[in-house]
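To keep things clear, I will list the structure first and then write my remarks on it.
The values are calculated or read from the model by the stated rules, or taken from the named source; none is laboratory data. This one's a predicted model, so the numbers in the text were calculated from it and none came from an experiment. Here Cβ is always computed from backbone atoms with ideal geometry, including for glycine, and neighbour counts include all displayed protein chains. These area figures cover heavy atoms from the full protein model, side chains too; ligands, DNA and RNA do not enter into them. Shrake-Rupley method; radii C 1.70, N 1.55, O 1.52, S 1.80 Å.
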Amino acid sequence: MRHTRVNELLKSTEYGKEVAVKGWVRTKRGNKQVAFVAVNDGSIIHSIQLVVDLSKFSEELLKPITTGSCIHAKGLLVQSQGQGQTVEIQVNHLELLGGADETFPLQKKGHTLEFLREVAHLRPRTNTFGAIFRMRHHMAFAIHKYYNDRGFYYLHSPIVTGSDAEGAGEMFRVTTLDAVNPPRTEDGAVDYAQDFFGKATNLTVSGQLEGELGAMALGLVYTFGPTFRAENSNTPRHLAEFWMIEPEMAFYDLQDNMDLAEDFLKYLIQYALDNCKDDLEFLNQMYDKELIARLQSVVANPFERLTYTNAVDLLMNSGKKFEFKVEWGTDLQKEHENYLVEHFKRPVILTDYPKHIKAFYMKQNDDGKTVRAMDILFPWIGEIIGGSQREENYDKLVTRMREMHIPEKEMWWYLDTRKFGACEHAGFGLGFERLMLFVTGMTNIRDVIPFPRTAKNAEF
């Protein structure tokens with residue numbers, strides 16, 4: 001008999017039907033006559049209860065069926081006599097597939113999130129991480145659905161690259177050269193001409209630049225893949241390996257870019273509300289009592305839009321004493337972003353930042369001081385999206401690259417798009433894990449990715 005997933009069994013009303021289930025034991029309790037075994041297979045946050053008549057099964061079989069063990073059970077699906085579930089299985093066949101002794105780390109007791117990071121190979125079996133990783137799947141699917149339904153094409157940008165899209169230099173080197181004794185040039189530098197790619201290469205920090213190339217041919221594209229930053233930052237908001245969604249759109253200006261980004265975020269959050277009900281209710285109850293209400297509020301209200309200059313004026317006139325000084329020309333800190341979101345009681349889109357604190361590829365405004373950038377700030381997350389209208393003017397782009405010491409020789413292919421059929425275009429990047437923090441209510445970014453990569457941590 002083919003086994004049925006728990007989520008399907010819990011919806012079934014075919015009482016009296018012979019069914020089979022396979023999964024992992026969450027709990028076992030009972031008395032001398034009957035045992036109640038809760039089994040979960042990851043398909044839903046809820047477990048299904050097995051009712052085991054002890055007169056029909058030997059102690060030898062039942063004793064090793066403990067928390068964490070894997071079992072196969074068959075029996076009749078019946079209406080549950082107890083509270084908390086609608087159906088249960090009256091077991092007539094029970095088989096231990098894989099035992100779990102008393103050293104199993106996830107016994108039935110409370111575990112801290114910090115401890116569970118140390119057993120990341122097992123934490124998906126907990127209710128919390130089962131919920132988070134199911135939601136991660138749903139959000140990834142929703143992203144692809146959103147763009148597919150709107151005529152975008154999914155572009156696979158490279159993971160290995162010879163360019164630094166952000167110009168920050170915090171990149172992981174990719175090399176096949178001898179780490180102890182690499183070949184060197186006459187002046188003593190490492191000779192990357194002898195490396196696998198014949199040049200210095202790194203793990204990508206962004207798929208944006210390649211996305212722009214795709215947009216110049218296909219019109220509407222998006223990338224969705226892993227990106228890497230060698231930033232030695234040990235905070236709840238930073239990872240060394242994370243995922244980015246980066247749409248690029250030909251013939252879009254900054255206004256179009258903002259409209260798309262707002263619609264995109266609202267779509268994703270509504271998708272979570274519609275398709276992750278059980279998991280959201282669990283996370284709302286266990287971790288963040290305001291989670292669902294906050295998600296609903298973001299969907300229901302238009303985002304506030306104001307310029308960076310107006311935001312700085314508002315902060316300076318707020319009368320609030322910030323830890324970091326507020327003045328025009330400096331990047332806003334998380335405390336400033338939080339204040340703005342709390343002030344307007346909704347997400348905020350900031351635009352027109354000083355050009356010297358933004359990337360080289362952003363389109364310059366006529367004032368010569370600002371660029372057509374946009375950041376979307378979310379409640380207690382801070383920046384969740386960063387984007388801009390891109391500079392399509394060849395001369396302005398080259399001048400800006402020189403000012404920021406971006407090597408033109410390495411970026412010849414990017415400059416070519418400004419020489420051959422340049423057009424107005426825009427795009428943005430959404431950090432997938434930042435989105436997951438918001439929709440799950442988690443407070444540490446290491447808890448929304450299966451196997452977090454951070455400084456001094458590449459376990460599992």
* **Only one of 44, 132 that is surrounded by 17 or more Cβ atoms within 10 Å (Cβ to Cβ), touching a Ser or Thr at 6+ places or on another chain (Cβ under 8 Å) and β-branched (Val, Ile, Thr)** => 132
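Residues are listed down the side, and each one gets a yes or a no for (1) open to solvent by 20 Å² or more (accessible area, probe 1.4 Å); (2) modelled with pLDDT of 95 or more:
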{"position": "152", "(1), (2)": "no, yes"}
{"position": "169", "(1), (2)": "yes, no"}
{"position": "174", "(1), (2)": "yes, yes"}
{"position": "179", "(1), (2)": "yes, no"}
{"position": "184", "(1), (2)": "yes, yes"}
{"position": "203", "(1), (2)": "yes, yes"}
{"position": "211", "(1), (2)": "no, yes"}
{"position": "216", "(1), (2)": "yes, yes"}
{"position": "238", "(1), (2)": "yes, no"}
* Structure fact -> The condition of being modelled with pLDDT under 95 and either open to solvent by less than 10 Å² (accessible area, probe 1.4 Å) or not hydroxyl-bearing (Ser, Thr, Tyr) (or both) holds, among 433, 410, 424, only for 410
* Asked: Across segment 273-306, which residue is nearest to residue 357 (Cα to Cα) among those that are open to solvent by 40 Å² or more (accessible area, probe 1.4 Å) and not in a helix (DSSP H, G or I)?
  -> 305
* Asked: Considering 190, 160, 221, which residue is among the β-branched types (Val, Ile, Thr) and buried (at least 18 other Cβ atoms within 10 Å of the Cβ)?
  -> 221
* Taking residue 403, is it of a type in the set (Asp, Glu), in contact with a Ser or Thr (Cβ under 9 Å, 6 or more places away or on another chain) and open to solvent by 10 Å² or more (accessible area, probe 1.4 Å)? -> no
* **residue 383 being of a type in the set (D, E, K, R), open to solvent by 20 Å² or more (accessible area, probe 1.4 Å), closer than 18 Å to residue 334 by Cβ and more than 12 Å from the chain's Cα centre (by Cα)** => yes
* For segment 47-73, how many residues are open to solvent by 40 Å² or more (accessible area, probe 1.4 Å) and either assigned to a strand (DSSP E or B) or not hydrophobic (A, V, I, L, M, F, W, C) (or both)? -> 9
* Structure fact -> Every listed condition ((1) assigned to a loop (DSSP other than H, G, I, E, B); (2) without any contact (Cβ under 8 Å) to a residue 40 or more places away in the chain; (3) within 27 Å of residue 131 (Cα to Cα)) holds for residue 39 save (1)
* To do: Considering every residue within segment 122-129, establish whether at least one is open to solvent by less than 50 Å² (accessible area, probe 1.4 Å), touching a residue at least 24 places away in the same chain (Cβ under 8 Å) and either closer than 25 Å to residue 54 by Cα or of a type in the set (S, T, N, Q) (or both).
  => yes
* From 280, 273, which residue is touching a helix residue (DSSP H, G or I) at 6+ places or on another chain (Cβ under 9 Å) and touching a residue at least 40 places away in the same chain (Cβ under 8 Å)? -> 280
* Only one residue in 55, 47 is over 30 Å from residue 449 (Cα atoms), of a type in the set (Ser, Thr, Tyr) and free of Cβ contacts under 8 Å to residues at least 60 places away in the same chain, so which one is that? -> 55
* Asked: Just for segment 307-336: of the residues that are assigned to a loop (DSSP other than H, G, I, E, B), open to solvent by less than 40 Å² (accessible area, probe 1.4 Å) and not polar (S, T, N, Q), which one is nearest to residue 237 (Cα to Cα)?
  -> 332
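Yes/no matrix, rows are residues, columns are (1) open to solvent by 40 Å² or more (accessible area, probe 1.4 Å); (2) in a loop (DSSP other than H, G, I, E, B); (3) modelled with pLDDT of 95 or more; (4) in contact with a strand residue (DSSP E or B) (Cβ under 7 Å, 6 or more places away or on another chain):
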position: 25; (1), (2), (3), (4): no, no, yes, yes
position: 32; (1), (2), (3), (4): yes, yes, no, no
position: 88; (1), (2), (3), (4): no, no, yes, yes
position: 95; (1), (2), (3), (4): yes, no, yes, yes
position: 107; (1), (2), (3), (4): yes, yes, no, no
position: 111; (1), (2), (3), (4): yes, yes, no, no
* Which residues, taken from segment 74-84, are over 20 Å from residue 1 (Cα atoms), open to solvent by less than 50 Å² (accessible area, probe 1.4 Å) and touching a strand residue (DSSP E or B) at 6+ places or on another chain (Cβ under 7 Å)? -> 80
